[in-house]
Amino acid sequence: MIRALALALQLLTRLPVSAASQPPRPEELGLSVLCFPLVGLLIGALLAGLHTALWVIDPGVLAALVLSVWVLLTGGLHLDGLADTADAWIGGQGDRDRTLTIMKDPRSGPLAIIAIVLVLLNKFAALQMLLAGDARVILLLTPVLGRTFIVLLLATTPYVRTDGLGTPYARYLPRLSCGLLSLLVAAATVALLEWHGAVMLAALAALFIVLRHWLMTRLGGLTGDTLGAACELAETMALLVPALLID
């Protein structure tokens, strides 16, 4: 399992992880999916620690710092997926093949920039409200929920590219274990946040249903870019809901 965690960290973060002498087998990549929420927990712990260390400064400044560290820890991986998905979704004009072709184009158009700005703006606004109080539990859980969202999509939705980066992850992941892990994360969310956590999970479930429907309707499944976009949207939702529920 240590090998699986190292592979997950290499994929999802820019944290220094020693590369193994042997390239990973597809089965190991599939198993590493189970460690995605654990990677999120590590990211969340670092963000919560930053909140604890700098809690006395202005919430707006702290929100900017937390968000910057958040992006740097992931190397903007999921934001890149969001950008490619936004470009392809609009530029594809409803055509599956055109959408997939645009998604592989490394160039970013104005729609990609707009999508990134809107997501970061919403994250910053929510963080600014939350960090005026004690937001350590929310900071801890949000990256976990975003990566659990990825796990659920991989476990329930076909992967459309036969040679994509995510192909071995989707083909060899242990689906039953993914389902049990998702239930564990949901239970922990409710235990830590009580009814706020239940509302958050309901909002994320609605987002999951809508996103999966769109993916199946347009593409017949998902790609690595759409998984990144889904993670960003799930994290944004997980921050916005408690911010909107503040008394």
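Every number here is computed from the coordinates shown, using simple stated rules; none is lab data. This structure is a prediction, so every number in the text was calculated from the model and none was measured. Virtual Cβ from ideal backbone geometry, glycine too; neighbours counted across all protein chains shown.
Miscellaneous remarks
- Proxy reagent accessibility, fewest Cβ within 10 Å first, across SER18, SER182: SER18, SER182
- Taken along the Cα-to-beta-carbon direction at a fixed 7 Å, the label points for VAL17 and ILE113 span 3.3 nm.
- For the chain, the 222 nm mean residue ellipticity estimated from helices alone, with every DSSP H stretch of n ≥ 4 adding -39500 (n - 2.57) and the total spread over all residues, rounds to -25000 deg cm²/dmol.
- With a simple spin-label model that places each label point 7 Å from the Cα along the Cα-to-Cβ direction, the separation between TRP55 and VAL137 comes to 1.4 nm.
- What the Cβ-Cβ distance of LEU244 and ARG25 gives, at R0 = 35 Å and to the nearest 0.05, is a FRET efficiency of 0.20.
- Taking the Cα centre of segment 46-188 as origin and assigning +1 to Lys and Arg Cβ atoms and -1 to Asp and Glu Cβ atoms, the resulting dipole is close to 320 debye.
- Extension gain, ALA203-VAL71: 0.36 nm per intervening residue step, less the Cα-Cα distance, totals 45.2 nm.
- Stretchable slack from VAL210 to LEU121, in nm (0.36 nm times residue separation minus alpha-carbon distance): 29.8 nm
- Separation of alpha-carbon centers, segment 80-96 and segment 142-197, rounded to whole Å: 23
- Remark: relative contact order (segment 68-180) = 17 percent; criterion is Cα-Cα distance under 8 angstrom and separation of 6 or more residues.
- Amide H contacts of LEU222 (H built 1.01 Å from N, in plane; Pro and chain starts excluded): TYR159, VAL160 sit under 5 Å, all sequence-distant by 5 or more or on other chains.
- Taken about its Cα centre, the chain carries a charge dipole of about 500 debye when Lys and Arg each add +1 at the Cβ and Asp and Glu each add -1 at the Cβ.
- Most positive-pole-ward Cα, PRO174, LEU141, VAL119, against dipole of segment 116-234 from beta carbon charges: PRO174
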